[in-house]
Every structure is written in structure tokens, then in C-alpha cells.
Amino acid sequence: MKEKELPYFSETLSSLKKAYKKLNNEVKVQDKSFKDLQKYMIDYKSELDKFEVYDYQQTLSMIDKQGYAQVMELEQVKKLIYSPYFGRFDFVYEGESLEDAEPFYIGRYGFRDEEGTNLIYDWRAPVCNMYYEFELGQAYYEAMERRFVGNIINKRQIKIENSQIQYVIDSSLTIQDEVLQQTLNEQANDKMKTIVTSIQREQNKIVRNESAYNMIIQGVAGSGKTAVALHRIAYYLYKYRDTLRAERIFILSPNKVFGDYISSVLPELGEQPIRSFTIDELTVNLLPAAVTFTPFETEMKEILSNPTGPLAQRAKQKANYAFVKRLQSFLSDLNNRLLKNESISIADVKFEADYLQQRFNQYRNEPVVMRIELMVDDIIQVLKSKRGGEGKLPSKSEIKNRLTKRLLYKNPFEIYKVFIKTLDENAFKFSKKNFEFNDVYPYLYVQLYFKGIKTYELVQHFVLDEMQDYTPIQYAVLAKVFECKRTIIGDFSQALLPYETISKEAFQEILPKLEYVELTTTYRSSYEIGMYAKKFMRTGELDPIARHGKEPEEIFYRSIDDMIGILQGKLINHWRTTAIICKTEVDLQFIKERMTVPFYILDGHTEKFETGVLLTTIQYAKGLEFDYVIVPLVDAGRYETDFDQGLLYIATTRAMHELTMLIDHSNPSKLLRSDRA
């Protein structure tokens, strides 16, 4: 099999090397042209007029852009030389004979030789959809508003590394078990990997879905949902390359280290990197500069450490969709009360209270401030018609001031304070101009109502990860801030907050034109770890792939010193990444003080994912994966509630190959009982 592929591989590799040499020379020429022109402009600066300077600057800009494009292409060709393609299928178009079968080789990027012949097809090309979507037999693809029908008569998996064919396997399904197993058995890295060589059929449908305006991906731990979302963005950038720009995609990630972890996926797929933002970074740009707020990560950390404390109780009241409906109802009723029921005389013309209220409600879809502006225009028109163009009219600002004085509340903060008291006297804590995070987005929703909010009009696609940790009121605000296509991903079973937040039903109310998909197969963990973790799953289904490994280990310790000794002994292993995942920051500090071996801390201050031994909490491990996971201090005091059960689900599903639970012998958690599975 391998021998049959060698002639085409040799031809392709030769063309790639030739292209690399040519591109490399062109880059050097462009670089020399740029430097020569720069030097000329400096040497003859005093002799050039402003028009010549402008022309030369434009030329420099053009050379720079061309050079950048060539460098990007050079980098892609270099990567193709290392591994040109990963699959092949042979397709016979309808009405043609088997002798006319056309081979298609699929790679991370497309490549044409000097004659323009397609030697490698980009995995995102329409024709390549058949590779992921169909078995041997009848198949089709759509391109140029046409459907091309035929038969796939051959399909192969090809692994090439370092310009050498490692293996060639004929396969009837998209990704044969043997190939997928080899992919999944690899150790974890410091960056998320691309999955172009192993995209499954259900994942491919999501990646290539163009109809969904709002795509919600509910995926179990390890289902590849984040990778699928990023490959979906890569597909969109390829399909709509004439209109969609990487800098116009906004990714909201749970924390900085997760942003770093996923940062290499798009560049590896040939696209420009897209910077991700945290909710705290976004919030700074939405809130007025005069106020501050407790960061989301800080507030979540405190709630996790005390799930039934006062802060958690305040946040809980604002976390479900019922709160959104209550706030909406309050603001709707306020429309009839906000403008005082008083008539007003302007330039000897009386405007009755009913007329003013009618105009105010006429513009109810606009913020209050804009409504006042529109009412001013209405009043001026009335005055002009009454006065017949005679006499001086009052200024717009004067009329606006008089109308504004008739508002019951003068700013969104006053309105929010009145509303929040309808919940509970203790529901709002505001001191020294600082909001708790749980109040920020309810307040911003009121600000939307009163004066509007900053919107990201240039953003063409919005991506949000860990959807289960955001509340309906946050989504209601984000829907106004990002009025574009959205891809939202997460797992309801991995909720970090100990109370109800978002739900499928709430999404359907908040986001129009919604498509909801579920991924239930987990590819991250071995079958044994997946089945062990399944007993901690509170809702939904989890189907581990049949990749077998070591059974999860439950080790009982009799003292803290005993546990630390066992823990440090387990750190002597061959794995690239080993994570010690604690429940809280307090537990992390407790273990940190007793560790005598080298390790990295992974917390809210971490900006880069490191390999080696990592000490972290469930809050910061979520979304990441590790070869080996150790969960210490598993006792009845720390893990006893349904919420704690969900935390154990998060912790255990971080493990790819090996899992160890360190359990207090004298006080084991009841959540570990096998009869709970």
C-alpha cells in the first residue's frame, strides 16, 4: 500500500520544494526592494516633494503587504513539506467510468504546482466534505450552486511526518479506528491541537454549518467542542475569505491561560491568529469609566470557596432567566412612569402630558436618552407649524433640559437601585463606586434601556466558550453588544456556579434563529476514565470512545503527611503533563506549602500553559486536558453535595490517560460510591 503512494508523494514533495525555493527567493527580493527604497527616501529626503513622499510611502506599504503574504505562503509550504497531506479519496463522477476516477489528496492547506494543477486540496474545500461525510459508495458535494454526484471508490488514511510516509491505510469510514486510536493515544501538549486529520462526521456537520445564525454546541467533556468551534471559524475564513477578516472575529474565553492554550489552532490551519478576550477585559470596555467592578474570576473563586455564603446568595438571585423577565417587566412598566405626568409650556405653546407620554412611548425601542432627543425634534416641528416660521425658537438643548428634568430617574444607576430593592434589601452591595460582578450585567442592561451601550459593530462573528458559566442577563447584554453570527459552546454538566444559570430554553428566548446541537462522545479520556467520570455527571449522556487504558486509581490515605508522600511519589512518571487539581484556592495553598518537588502554579495570574507538573484548581483546569490527573483531598467535607459532584466530573474529565483519586480513609466522600454510577 505504501509503495503505491510513493510516486505521487515524490512528485508532490518535489513540487513543494521547488515552490519553497522560488518563494524564498521572492521574499529576499521583496526585502531588498523595501530596504533600498527606505534608504533612498532617507538619503534624498530634502529633495523629495510631498507628492513623491506619498507615492513612495504607498509603494513601501504595497511591498510590505506583498512580502507578508509571501512569508505566510512560504510558512505554509514549509509545513506541507513536513506533512503534505493526510488523506486521499478517489471519486467517479456520475456518468463516467471507473477509469475516469479522480484522486483527491487532502491536506491542511491547498497547493498547486507551477502549471496550476491541484496537487493538494485544502480540507475546507467543498469537494473535501465527502472525505468526512461519506463512506465508500454514492456521495456528492456542492459547489458553485451545483450538486456533483458520483461514487467514492477508494479512501485512504496517510500519515506523513518529516517528509516520510509513516503508514497508509485503506478505510471505508471517515476516520478508521486504528488511525483515531493513534491520534488519541498521543500525549498532551502545551497547545490545543488541530483535528483536521480526525474530524468525525458529527463534528464535520457543525464545522461546515453555514445556515445557523446562532449555533449552540452542547458537548460533553472531551467531545472536541472547542476545537470544532475553532475549525468552524477556520472554515468560515476560508469560505468567506473575500468578506470575513480574522481581526473581525471576537473570542470570549474563560481565562488567559485558556486563551493561550487555544492560540495556535487557527495559525496551524493557515489563518491569522485571533486574540481571545476574557469577560473581565470586555467588561472594562462596557462599563462607565467612573465605576469599577470585582473581576469575574475573583468573584467565582470566592463563590466556589463558600457556595452558600452571602455573595453566592446575592449572585444566585440574578443568575436565572426568571430574573431577566422580571427586569424586562420592570423596565416595560417604567415606560409609563419614567416621564412625569405633567404638561409643559414651551414658547407659549402648551404640550399636554398625554401627548408627551404618547411620543415617549412611540420611541420605546430606543434608549431613553435618544427618545428625549427625538421628542425635542417633534416639539420643534410643532412649534414651527404653530409659529408659522415667525419669532425665535428655543434651542434644542433648552428643550432637552426641560424634558430631562421631568424624568423620574436621571440615570441608569438610580433605576437599577430602585429595581434591585424589589428583589431583596440585601441583593445589592455597592461601595466606593465598585460593583460586584453579579450586578454588572444587570446594571448594563438598565444602561442599555436608558442611554445605550458600546457595540462591536465591526465584529462579524462572536465565539463564546464555557457557556454554562454565564447567566441569561449576561447573554441578553452580549446579544446587543455583538449583533452578528455567534458560535456558543459549553457543557451544562460542567457548571462552576452552584446555582441555576443558562439553559437551552433560556437560549431559545434570548437568541433568535438558534440551532442547538449536542456532542455526546468523549475522545479525550480513555474508556476506563470516561466510565469512571460518568458517575459524577449530573445531567445528559456521555459515551467514551473505546480507547482502553489503565483503570482509575483510588488510593486511601491515613494522614496528610501520608497523602503528600503518595502524591509526590506519583509525580515521578513519564507523562508530559501531570495536573494536581484541587477544589479551592485554599486547598491549593495547603498543598503548595508541603510540596518539595518542582511544579508550576496554574491560576488566574497564569498567562501561558506549561508542560510538566501543574498545581491548579478545578476553576482553572476546566477546558484544559492533561495526560495524568491527581485529585487530592477527596473527603466528605469537601465533596458532599450535588454541586460538588459536578466539580468531580470536571476534575476527572481533565485526564487523558491516567487518573488517581487521593481519598481520606477516615472520612471518604459518599460521591465515590460505585452504586452512584
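The values are calculated or read from the model by the stated rules, or taken from the named source; none is laboratory data. Being a predicted model, the structure only gives us computed values, none of them experimental. Don't worry about glycine lacking a Cβ; one is built from the backbone with ideal geometry, like all the others, and counts go over all protein chains shown. Surface areas here come from the heavy atoms of the whole protein model, side chains and all, with no ligands, DNA or RNA. Shrake-Rupley method; radii C 1.70, N 1.55, O 1.52, S 1.80 Å.
Packing order of peptides 629-642, 459-472, highest average first: 459-472, 629-642 (average count of other Cβ atoms within 10 Å over each peptide's residues).
What the phi angles of the range 395-402 give under the Karplus curve with 6.51, -1.76 and 1.60, with θ = phi - 60°, is a coupling list of 6, 4, 5, 5, 5, 4, 4, 5 Hz, glycine and proline written as x. Each residue of the range 37-52 is assigned a 3J(HN,Hα), and the resulting list reads 5, 4, 5, 4, 5, 6, 5, 10, 3, 6, 9, 8, 7, 5, 6, 5 Hz, derived from the Karplus form 6.51 cos²θ - 1.76 cosθ + 1.60 (θ = phi - 60°), x at Gly and Pro. If you take the square roots of the eigenvalues of the alpha-carbon gyration tensor of the range 291-422 and sort them as a ≥ b ≥ c, do you get rounded (a/c under 1.5), prolate (a/b over b/c) or oblate? It comes out prolate by the Cα gyration axes.
Straight-distance candidates among the lysines for linking to K17, with alpha-carbon spacing under 16 Å and chain neighbours fewer than 8 residues away dropped: K78, K79. Suppose only helical runs count, i.e. DSSP H with n ≥ 4. What mean residue ellipticity at 222 nm does that imply for the chain under -39500 (n - 2.57) per run, divided by all residues and rounded to the nearest 500 deg cm²/dmol? After summing the helix terms and dividing by the residues of the chain, the value is -13000 deg cm²/dmol. Only Lys, Arg, Asp and Glu carry charge here, each on its Cβ (+1 for the first two, -1 for the last two); on that basis the range 620-677 has a dipole of about 80 debye about its Cα centre. Normalised by the number of residues in the chain, the average gap of Cα pairs under 8 Å and 6 or more apart makes the relative contact order 13 percent.
Positive end of the dipole of the range 534-677 (Cβ unit charges, origin at the Cα centre): among G637, L624, H605, the Cα lying farthest that way belongs to L624. Let a ≥ b ≥ c be the square roots of the eigenvalues of the Cα gyration tensor of the range 550-677; is it rounded (a/c under 1.5), or, if not, prolate (a/b larger than b/c) or oblate? Note, shape of the range 550-677 comes out rounded.
In the context of the full protein assembly, S395 retains an accessible surface of approximately 60 Å², using a probe radius of 1.4 Å and ignoring ligands and nucleic acids. Note that the range 80-97 has calculated 3J(HN,Hα) couplings of 5, 4, 5, 8, x, 7, 10, x, 8, 9, 10, 10, 9, 5, 4, x, 9, 8 Hz, one per residue in order, obtained from phi through the Karplus relation 6.51 cos²θ - 1.76 cosθ + 1.60 (θ = phi - 60°); glycine and proline are x.
Using C-alpha pairs below 8 Å separated by at least 6 residues, the relative contact order for the range 63-108 is 35 percent.
Is the range 9-156 rounded, prolate or oblate when judged by the Cα gyration tensor, a ≥ b ≥ c being the square roots of its eigenvalues, rounded requiring a/c under 1.5 and prolate requiring a/b larger than b/c? It comes out prolate by the Cα gyration axes. When you filter the trypsin sites (Lys or Arg not before Pro) in the range 408-454 for DSSP loop state and at most 16 other Cβ atoms inside 10 Å of their Cβ, you are left with K410, K421, K429, K432, K433, K451, K454.
Could you give the size of the charge dipole of the chain about its Cα centre, using +1 on the Cβ of each K and R and -1 on the Cβ of each D and E, expressed in debye and rounded to the nearest 20? Computed about the Cα centre, the dipole is about 2380 debye. Since only M661, V92, P310 are under comparison, the one whose Cα sits farthest along the positive direction of the charge dipole of the chain, derived from C-beta charges on Lys, Arg, Asp and Glu, is P310.
The convex hull built on the alpha-carbon positions of the chain has an orientation-averaged projected area of 41.8 nm².
Straight Cα distances below 18 angstrom link K513 to the lysines K205, K480, K485, K504, with same-chain residues fewer than 8 positions distant left out. When a 1.4 Å probe is rolled over the protein heavy atoms, the share of accessible surface on the chain that falls to carbon and sulfur comes to 48 percent. Taking a straight Cα-Cα cut-off under 28 Å and skipping sequence neighbours fewer than 8 places away in the same chain, the lysines within cross-link reach of K350 are K340, K384, K386, K392, K396, K400, K405, K410, K451.
Hey, what did the range 552-677 get for relative contact order, percent, Cα under 8 Å, at least 6 apart?
The value is 33 percent.
Annotation: amide H-H contacts under 5 Å for C582 (H modelled 1.01 Å from N, sequence separation of 5 or more, or interchain): T616, T617, I618. Let me check I've understood the local charge: for F9, count other residues with C-beta under 11 angstrom from its C-beta, Lys and Arg +1, Asp and Glu -1. What total comes out? Neighbour charge sum, excluding F9 itself: 0. What the range 523-583 shows is 47 Å² of accessible area per residue, with the surface traced by a 1.4 Å probe over protein heavy atoms. Amide hydrogen proximity for G224: with H placed 1.01 Å from N in the peptide plane, the residues at 5 or more positions away or on another chain lying under 5 Å are Y523.
Proximity of backbone amide H atoms, modeled 1.01 Å from N, is registered between G612 and T577, T578 at under 5 Å, excluding neighbours fewer than 5 places apart on the same chain.
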